[in-house]
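Notes for the one structure printed next.
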Amino acid sequence: MLQHRLILFATGLCLAGCSQSRPEGVLTYWCATNSFEIEFARRIVAEWNQDTTHLPVRFQPVPAGQSSEEVILAAIVGRTTPDIYSNIWPGVIEQYREAGAVVRLDQFADFDSVLYARLPDELIEQFRSPDSGFYQFPWKANPLLLYYNKGLLEEAGITELPRTYDQFFALAPRLVKDFDGDGHYDRWLLDPNVMAEWWQRFFDFYTFYIAATGGESLLDGHEVQLDRPETAAVLSFFRRGYQEGYFPLSIFQEDIFLAQKVVFHISGPWSISHLEKYKTEDFRYGITLLPVPQAGDQPVHTYGDPKNIVIFSTTRYPQEAWEFVKFMTSRAADRSLLEITSQLPMRRDLITDSLYADYFTANPLLEIFARQIPFIVGTDHTIYLQEIFDIISQEYEAACLYQVQPIAQAVASMTKRVTALIDRESRGKAGVQ
Amino acid sequence: MISILAKVKSNELVGYGLILPYLIYSLIIWVYPLMWGISIAFKRWNIISTEKTFIGLSNFIQVIHEPLFWIAFKNTLYFMVVFIPISIFLSLSVALLLNRINFLRSFFASGYLISYVSAGVAYSIVFNLMFSGNGIINTWLSGIGITIPWFSSPKIAMASIAIIVVWKFLGYYSLIFLAGLQSIPKTIYESAEIDGAGRITQFFRITIPLLNPSFTIIFIFAIMLSFNVFTEPYMITGGGPLDSTQTFVMQIYYHTFTNLHAGYGSSFAIIVAAISFAFVFFIRKIVEKDIS
């Protein structure tokens, strides 16, 4: 009898010790709404959930709305945020941090080791908030570079790509065309977007500003860095393009780069799949660095359009959420990210790691963007970022697109107005607003 | 409470009971939001924070001093100057045509309403494509050697927006005019004809004066609409070029939901509403006539 009891006791102990039941609760994860990222999320979550020792993750695309930022904003207000959200734009982090909506990630013991192992050294400080904490985990980037039409350059006898603004415009007489003789060009040199929305300036002025300044952003702490020759040079570049008709002052209903109506085009890696899908047989293109005012030996920086991961303060399981963030940014997960989404994880070993080598061999154009990862710049840490870009957009439009104010005045005006905003922020009060 | 109820007659109770759902609806749907909106206009609040700081009239003073407020005001006046005459002329013309036909009148009238019930975002995209640099309109015009920068010229961008809005409201305003035309007794025209009045005299001496209620309503609607234009410039021009299509509602939207200055956005909205009401009041004084 005693023997039976001992056996039962031992069996009970074994069952309790050997079988690990799934922890209670569930982590919610919102991903971006594009089909590729949904597929990536599906695969990563499925792999995570296979391990029953993990808190299970339930994912869904961010709910429909005007923009994902608006949906997240509404969720913060309603305290209905998920535990984890990927694809967050760093430009909104400071607002969320000030509202206490996001978890400080460097509170986790292994955060530093994970971050430093993954992210190139050059990028680490870009994602640190003014209070020296990290509230976002840097995930992926889409560096902006210059696409060019190979066929049109060859047709014009151009063999060397422009490195400086002067070289760029020197190509214009051989490339721009007025086919119907109406006095207006029908083939242009470059096609920056003419819309006045603040975020459009990330894809023309800001990208060129970063390249011209050797990788600097608009602010150095609380100091506005706009009042400098490079700002004037960038504005002059765009002004000249519009003034001489080399850049179209119009909105088009077609992709004019694909239609071979423009020779150069600023875009990120996302354009590759679009061009590959829709290009005609005679359309050949390449990708190169942005032109700068003065060429040198230094690398040319660009805007990286980074998208990161946050854990919202509403989570009941911050540690478990952090474990999932590590899982979805692991070496293997980044391989899936590349394969499924063609987006570039911000990894220091992206080019050197053998795990990714065959992918880049098969996708050589994407490798050009991958090599640019250490030289990307994100956004400044300010709650007024959108207003700052509103100001820049207004001054850019007046000085460059319509030439109704001199460059020097535009630089002075944007510096003064942005400084007023930053002063307000640094005083710790939002003024009247 | 019981004594109060006792004093109210039972049939009055039934009356109160019948209007109760509407009262509750009004309290929830607009009275509470309105009061809440007014209250935050005196505060500094960034929507995502729980902290709201009372700052008195500062938001209102800042709105009045903001250059974009006056740019939006000027743009609104420009919009009205283009939109109101064109929409009234066209919708009255359509109403006169519809009034003359008996066959399939309802069909045509309904057809004109399609634009009114179309989704703003959808038709804005379509118009954007049509009016773009190499869109269908400019392709046609290039045949006679003209290219019009519909949305990229600061001088005509707002007029282009107004034309789109005219298209949207043409059918709706036509129906208002049509109802007005059909309410004019035919006997008035018959007696005028006996008195020797021609078509043109009848139109200017009978039709136009007796359409005064329709004109008044359309003027009021058009003014209120002018202060509320949002979807078309937001979707097509983003307020540009050179802020020439910035509107009040776009500014309210940007301040509130993009820049997260909810208190400021609310004070902006209150000022715009006050100006809108003043315009409506003024126009009613000028246009509205007693035609009894």
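Tabulated results
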item: Qualifying residues in the range A:89-110 (those that are open to solvent by 40 Å² or more (accessible area, probe 1.4 Å) and in a loop (DSSP other than H, G, I, E, B)) - the one nearest to A:SER68 (Cα to Cα); result: A:GLY100
item: Qualifying position, being assigned to a helix (DSSP H, G or I), open to solvent by 20 Å² or more (accessible area, probe 1.4 Å), of a type outside the set (Asp, Glu) and within 13 Å of chain A (Cβ to nearest Cβ), among B:LEU77, B:LEU113, B:LEU129; result: B:LEU129
item: Within the range A:269-303, considering residues that are assigned to a loop (DSSP other than H, G, I, E, B) and at pLDDT 95 or above, the one surrounded by the fewest Cβ atoms within 10 Å (Cβ to Cβ); result: A:ARG284
item: The range A:11-34, residues that are of a type outside the set (Phe, Trp, Tyr), outside any loop (DSSP other than H, G, I, E, B) and at pLDDT 90 or above; result: A:LEU27, A:THR28, A:CYS31
item: Failed item, numbered, when A:ILE266 is tested on (1) at pLDDT 95 or above; (2) surrounded by fewer than 18 Cβ atoms within 10 Å (Cβ to Cβ); result: (2)
item: Residue check, A:ASP182 within 12 Å of chain B (Cβ to nearest Cβ), without any contact (Cβ under 8 Å) to a residue 12 or more places away in the chain and among the charged types (D, E, K, R); result: yes
item: Qualifying residue in the range B:223-243 (condition: open to solvent by 40 Å² or more (accessible area, probe 1.4 Å), away from chain A (no Cβ under 14 Å) and either in a helix (DSSP H, G or I) or farther than 22 Å from B:LEU92 by Cβ (or both)); result: yes
item: Yes/no for B:ILE48 being of a type in the set (Val, Ile, Thr) and either over 29 Å from the mean Cα position of the chain (by Cα) or farther than 15 Å from B:GLY263 by Cβ (or both); result: yes
item: Flag if A:VAL57 is at pLDDT 95 or above and more than 14 Å from chain B (Cβ to nearest Cβ); result: yes
item: Pairs with Cβ under 9 Å, 6+ apart, first in the range B:48-65 and in contact (Cβ under 8 Å) with a residue 24 or more places away in the chain and facing another protein chain (nearest Cβ under 9 Å), second open to solvent by 50 Å² or more (accessible area, probe 1.4 Å) and of a type in the set (Lys, Arg); result: B:ILE55/B:LYS43; B:ILE55/B:ARG44; B:ASN59/B:LYS43; B:ASN59/B:ARG44
item: Test result for A:GLN405, within 11 Å of chain B (Cβ to nearest Cβ) and part of a loop (DSSP other than H, G, I, E, B); result: yes
item: Unique residue being among the β-branched types (Val, Ile, Thr), in a loop (DSSP other than H, G, I, E, B) and more than 14 Å from chain B (Cβ to nearest Cβ) when the list is A:ILE368, A:ILE351; result: A:ILE351
item: Criterion: farther than 21 Å from A:VAL377 by Cβ and out of contact with any Phe, Trp or Tyr (no Cβ under 9 Å at 6 or more places or on another chain) - qualifying residue of A:GLU155, A:GLU125; result: A:GLU155
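The values are calculated or read from the model by the stated rules, or taken from the named source; none is laboratory data. Here the structure is a predicted model, which means the values were calculated and not measured. Don't worry about glycine lacking a Cβ; one is built from the backbone with ideal geometry, like all the others, and counts go over all protein chains shown. Just the protein is used for accessible areas: all its heavy atoms, side chains included, with ligands, DNA and RNA removed. Shrake-Rupley method; radii C 1.70, N 1.55, O 1.52, S 1.80 Å.
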